[in-house]
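Engineer: Can you keep this structure in mind? I'll have questions shortly.
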Amino acid sequence: MKKYQVLLAALATLSLSAMAVAQKRPGEIKLSPKSDKGAVLIRVPTTPFTYALQFSKNGKSGFMSRVYIMKIEPAAPGYIYIARTLSPGRYRLDNVWQQGAWAACMEDGTFEFAIEPGKIAYLGTFEADGVLREIQAQAIERG
């Protein structure tokens with residue numbers, strides 16, 4: 001019975017994560033000084049596989065907390081800009097996911113940023129290559 005409870009809890013968490021995906025192409029975001037939301041803009045490397053950045057708001061990243069996902073689709077090596085609108089508050093990068101199954105918790109190696117209404121928070125370039133290599137090495141090591 002306990003295994004089923006854990007499985008149901010995991011599925012509920014994944015469902016909540018999926019609902020919080022509201023990413024847009026940077027050119028699709030429309031903000032004005034009167035907007036009630038802000039946006040985040042990040043430059044990220046592209047890879048031949050999908051990966052995602054998972055954020056939490058105001059330090060709430062525990063079980064059943066809402067998470068905010070920014071997905072990077074497979075593409076030729078290079079860089080792209082990703083963006084999404086968010087409600088005002090402080091956000092933190094908590095995890096990097098590869099292919100929706102492998103993840104690396106950022107712990108103390110993460111960053112936080114503030115979102116203000118009507119403004120874009122440009123975070124610069126997030127060099128994900130090292131984190132993705134670590135995820136892949138752990139997956140290979142564990143079989």
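Engineer: Under a plain spin-label model, where a point goes 7 Å from the Cα along Cα-to-Cβ, how far apart in nm are residue 116 and residue 87?
Structural biologist: Once both label points are built, they end up 2.0 nm from each other.
Engineer: With a sphere of radius 13 Å drawn around the Cβ of residue 65, what net charge do the other residues whose Cβ falls strictly inside it have (Lys, Arg +1; Asp, Glu -1)?
Structural biologist: That sum, taken over residues with Cβ under 13 Å, equals +3.
Engineer: Determine the gain in length on full extension of the stretch residue 65-residue 140; use 0.36 nm per residue of separation and subtract their C-alpha separation, reporting nm with one decimal.
Structural biologist: 24.0 nm
Engineer: Grab the beta carbon distance between residue 133 and residue 24, set R0 = 22 Å, and tell me the FRET efficiency rounded to 0.05.
Structural biologist: About 0.15, to the nearest 0.05.
Engineer: Separate question: Lys and Arg at +1, Asp and Glu at -1: add these up for the other residues within a Cβ distance under 13 Å of residue 118 and post the number. It would help to have the intermediate numbers written out before the result.
Structural biologist: Numbers: positive: 30, 34, 37, 119; negative: 36, 116.
Around residue 118, the surrounding residues sum to +2.
Engineer: Please go through the residue pairs 34/119; 37/71; 24/71; 37/119; 34/60; 30/60 and name each one whose alpha carbons sit more than 18 Å apart in this structure. List each step's numbers first, then the result.
Structural biologist: Values: 34/119 10 Å; 37/71 20 Å; 24/71 10 Å; 37/119 8 Å; 34/60 27 Å; 30/60 27 Å.
The answer is 37/71; 34/60; 30/60.
No lab work stands behind these numbers, since they all come straight from the coordinates. Being a predicted model, the structure only gives us computed values, none of them experimental. Quick reminder, even Gly has a Cβ in these numbers, built from the backbone with ideal geometry, and neighbours come from all protein chains shown.
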